[in-house]
Amino acid sequence: MNQNFRVYFLAVLTALWVILTLASASRGKWPIALICLVMAIANGLSLYRLNRNNP
């Protein structure tokens with residue numbers, strides 16, 4: 001798989017999880033918001049690790 005595709009894919013996934021977190025939290029669905037937040041953090045860490053070695 002292309003390296004650039006992975007970076008963009010993880011960036012979009014992270015952004016979508018953050019949007020879902022905010023939408024769930026605004027509706028008061030805290031368990032779903034917490035799960036979405038954990039997924040956003042996990043994808044963000046993967047994105048960081050992927051970009052850490054590439055300037």
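Per the helix-only calculation at 222 nm, which mean residue ellipticity applies to the chain, given -39500 (n - 2.57) for every DSSP H run of n ≥ 4 and division by its residues, nearest 500 deg cm²/dmol?
Details: 2 runs with 47 residues, N = 55.
That comes out to -30000 deg cm²/dmol.
For the chain, treating each Cα as an identical point scatterer without solvent, what Debye log10 I(q)/I(0) comes out at q = 0.17, 0.23, 0.29 1/Å? For the chain at q = 0.17, 0.23, 0.29 Å⁻¹, log10 I(q)/I(0) is -0.54, -0.79, -1.03. Distance between the modelled labels on ARG6 and ARG27, one decimal in nanometres: 3.4 nm (7 Å Cα→Cβ projection).
Once you list every other residue whose beta carbon is under 12 Å from the beta carbon of ASN43, what net charge do they have if Lys and Arg are +1 and Asp and Glu are -1?
Working: positive: ARG6, ARG49; negative: none.
After counting each charged neighbour, the total is +2.
Just so you know, all these numbers are worked out from the coordinates, no wet-lab data involved. Note that the coordinates shown come from a computational prediction; the quantities given were computed from them, not determined experimentally. Cβ atoms come from the backbone with ideal geometry, glycine included; neighbour counts cover every protein chain shown.
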